[in-house]
Structure formats: C-alpha cells, structure tokens
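Remarks on the structure that follows.
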Amino acid sequence: MMVSTDRTRNAILDWVDEHRADIIGLTQSLVKFPSENKTPHGEERECQMFVADFLRDIGCRVDVFRPDEVEGLTDHPAYWPGRDYSDRPNVVGVLTARSDEGVAGSDGRKSLLFTGHADVVPAHGEGRFGWWDGTVDDGKLYGRGSNDMKGGIACYLMAARCVRDLDLDLSGDLILETVVDEESGGANGTLACRLRGYNADAAILPEPNNMVISTANRGGQQFRLHVTGESAGMGFGESVLTDPITALGHILVALEKYNKERNARPKPEGFEEDTFPIMPFVLRAGEVLPWGTQDAIPDSSYLEFWIEIPPGVTKDQLQSELRSVVEQATQETPALQRVSTRWEEMTRFLPGTGMPADHPSIKTLSDNLEVVTGESSIHAAAPFACDAFMFNEHSSTPAVIFGPRGGNSHAPDEWVEVEDLIRLTKTYALTIADWLA
Ligand SMILES: [Zn+2]
C-alpha cells in the first residue's frame, strides 16, 4: 500500500543518506547516557530529557510525566507494583497533521506510533569497548543499550526529523514515545502511555529482532524457588539433617525433564520450530567464609530462573505446571520430602502475544523495507518477551516488532549493526510518509 510518489520516496532516501553521520551520532548520544534500570529505581531521567528536547526541536507537542501519576495506572490489573518512579519520566511527542489541534488518533484520522524503552540493563563485567562510549568499529556501534534499544529509538527519531525537514504534507498524527522501566519486566512505563491516551492505528516497536518483521513474540517469567531445611549445621548423631542443596539438585533435574516434555507439545502458528528454554540465572547455597568453607549443611538454598512461553500459555497454567513439577519430584524423591519449597515471582508474568499479521500497517512496513534493501522481507515471531504485550492485550493499538541486527544484549560489548540504523531510518520514514499520507 505505497502511496508516496517516486519523488517523495527519493527525497526520503536521499535525506537519510545525507544524514548518515547524524543517525550514528544520535545513537551515540543516547548510548552515552547511563540510563541503567537498577530495580526498583532507574537512571533514565537525563536520557529522557534529551529525547524531549529533540522532540521539541522537530516541532512535537511534548508530554513529560511520571508513569505513576497517570490516572488508573496503579489500579490497573496489569500494573506491577514495587517500583520507584521518582525522577523517571516517560516522554511522548506528537506531530499532528498541519494546522490541526485535535487529539491524536481522534476523528478517524490516521495515526502511527513509535515506542521504545530508554532504560538499559546495568553495566556489569569487562569488554573491549567502553560501556558508554558508543565506539564505532568495523561497522558495529558498541555500548550498553546500542542494540537494546537506543539504536532503534535513534532511527525513529531521525525518521520523524526527516519527514519534518522535507516538509511532507502528513494528514495524520505521528506519536513518538520513549518509556522508562522496561527491563526486568517492568512494563508499567508502556502501560502508562496507553492509559494517558496515546493510542494509534498501529505501533512499531524497534526491539532488536534482526531486521525481521514480528507480529508475535514470546512471553516469560522469572522465578526464585526457595528450598528450606528444618535445621542447619552438622549432625553429631543427635539428628537427621535436611539437605537443601541435594534437594535443589533433584528439582533442577525435574525442571529439565519438564522442559523437554513441554517443548514436545504442539506449538502455536509461527512458533512451530521454536524451543522455549528454562534459563537458570542463579544457584545459591552454602557459604564460603573468610577462613574457609563452613563445615555445615546450610538451612536454605535457592534457584532463580527465567522461563519462556509461547502465546496462549496463561499465568495460571505456567505457575500450576511449575508447582506440580516440584510436587511430583517431591513424591518420588526422599531428599525432597524433608525440605519445604516456596515460589517467589521475580518479574511480572509476561504473556506471549501477537497482532493480526494481515493488518494493513504490516504490508506498508514490509513493502518499504523491500524498497530499502532490494530483498524480500522476512516475517517471523520475535524470540523474546518485551512490552509488545501491553499494546496487544491492554490497548487498542496493535504493535509490530521491527528492529536492527546486533549482539551481546545484556552483556559486555553490546553492539548494533551501523548499516541497519540507516536501513531502519529509511524504512520508518517511508512508512510514516505512506501511512500518514
Ligand atoms: Zn529491549
């Protein structure tokens, strides 16, 4: 559904080529803000103020607000409590159709929304490149957040600047937002924007899914499973000690078996070939003291893990299956019968979700990607959980995931493919021009 003329299209492609250095520079500027999400707080403020200034410069009406000051947020069933939103503003910019002061998305006008999270996973570990330098080396731009997802944010900000600089006659509303608190399954920032009234015909979310157009994505949840014994120490014949370390070992084996079984079940459309992992993050038990390992059995242990799920799996289903894995292992294993277990939710439940793959915005995006790359576009489900579910399940706006290639997300030397930043900016700008023509 491409309606932009050849002239408009060529003007956009030329503009982006001429502003290559600005696109890279904007990505670097965003990476330089250490907007780490150290749950329950986060350091997004400076980065968000920078985005707000950018949006004002290109002529947007800008709204800066704390997520928890939005009416209805903390009462919403999808709100996840326990976060501190002081100094953590969401930022939304709206470019309305010329000489039009109406409310975005109202009156049947066309509208398009871009969304991204400004928070990044905290820097931890050692890499070759500085965390906050944005070093470009051999076609890759390095730094925390470059891939997840400041590269994508820079692309839609520059796409908006492009259509504004070219003075294209847009008849609809372009909404550009950056939210706080996505990492660690926060998602309240994205929910707050929806409740504030920023909704559109379609949303584009440039999480780094390797230039694939994803109308569906995985879900997941992080748990901590506590195993507690009756006593600690080293029995001197007076008692039989419980052993939470061996007990947890049995649970790990049971979880591995369960994961094989659930992956053998039929999977929903688009996820047929996927394997849904259980990723153990922490296994903790016992103590090493300054004078050596304590000669005693500890009284507790825990396992923390992230488990991924396809769309269709509900919170109740996931949690009751996990509980029954431990219950069944307990029945079969004497070592488990003398300890007690307790589940703790470390993140909210993130459902796998999707939007209609035949939504007209997908064709517009896909056609424009093909104009830019000269190759067929690739469509597949995103192999990760993200804030897309807030759009798909808790708003009227369907969200497609479409972002750059990169690597080492959540690890040292995170990088994004520089050439993809250029391709994305072009594809976004063409899509804006077509959708809002
Ligand atoms: Zn992300």
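All of the numbers you see were taken from the coordinates with simple rules; none came from a lab. Being a predicted model, the structure only gives us computed values, none of them experimental. Neighbour counts are summed over all protein chains in view; Cβ atoms, including those assigned to glycine, are modelled from backbone coordinates with ideal geometry.
For the stretch 43-181, just say rounded, prolate or oblate: build the C-alpha gyration tensor, square-root its eigenvalues into a ≥ b ≥ c, call rounded for a/c under 1.5, and beyond that prolate if a/b exceeds b/c, oblate if not. Judged from the Cα gyration tensor, the stretch 43-181 comes out oblate (a/c at least 1.5, b/c at or above a/b).
Per-residue 3J(HN,Hα) values for the stretch 326-332, derived from phi via the Karplus relation 6.51 cos²θ - 1.76 cosθ + 1.60 with θ = phi - 60°, read 6, 5, 5, 4, 5, 4, 8 Hz in sequence order (x marks Gly and Pro).
So which of Lys267/Lys363; Lys257/Lys363; Lys150/Lys363 end up more than 31 Å apart, counting from Cα to Cα?
Lys257/Lys363
The mean sequence separation of alpha-carbon pairs under 8 Å and at least six residues apart, normalised by the residue count of the stretch 219-345, gives a relative contact order of 46 percent.
Measuring nothing but how far apart in sequence close Cα pairs (under 8 Å, 6+ apart) lie, relative to its length, the stretch 371-437 scores a relative contact order of 24 percent.
Candidate cross-link partners of Lys38 among the aspartates and glutamates, defined by an alpha-carbon separation under 14 Å and a same-chain spacing of 8 or more, comprise Asp84, Asp87, Asp119, Asp181, Glu182, Glu183.
Could you work out the local net charge near Tyr302, counting Lys and Arg as +1, Asp and Glu as -1, over the other residues with Cβ closer than 15 Å to its Cβ? Value of the local net charge: -3. Bridge orientation summary for the chain: considering DSSP beta bridges with both residues in this region, about 75 percent are antiparallel. Look at the alpha carbon pairs under 8 Å that are at least 6 residues apart: their mean separation over the length of the stretch 163-290 gives a relative contact order of 12 percent.
Axis angle, to the nearest 10 degrees, between helix 20-31 and the longest C-alpha principal axis of the chain: 30 degrees. Couplings 3J(HN,Hα) for the stretch 58-63, derived from phi with the Karplus relation 6.51 cos²θ - 1.76 cosθ + 1.60 (θ = phi - 60°), are 8, x, 7, 7, 10, 10 Hz, where x marks Gly and Pro. To the nearest ten degrees, helix 151-165 and the longest principal axis of the Cα atoms of the chain are 10 degrees apart. Within the shell defined by Cβ-Cβ distances under 11 Å, the residues around Ala357 carry a net charge of -1, with Lys and Arg each +1 and Asp and Glu each -1.
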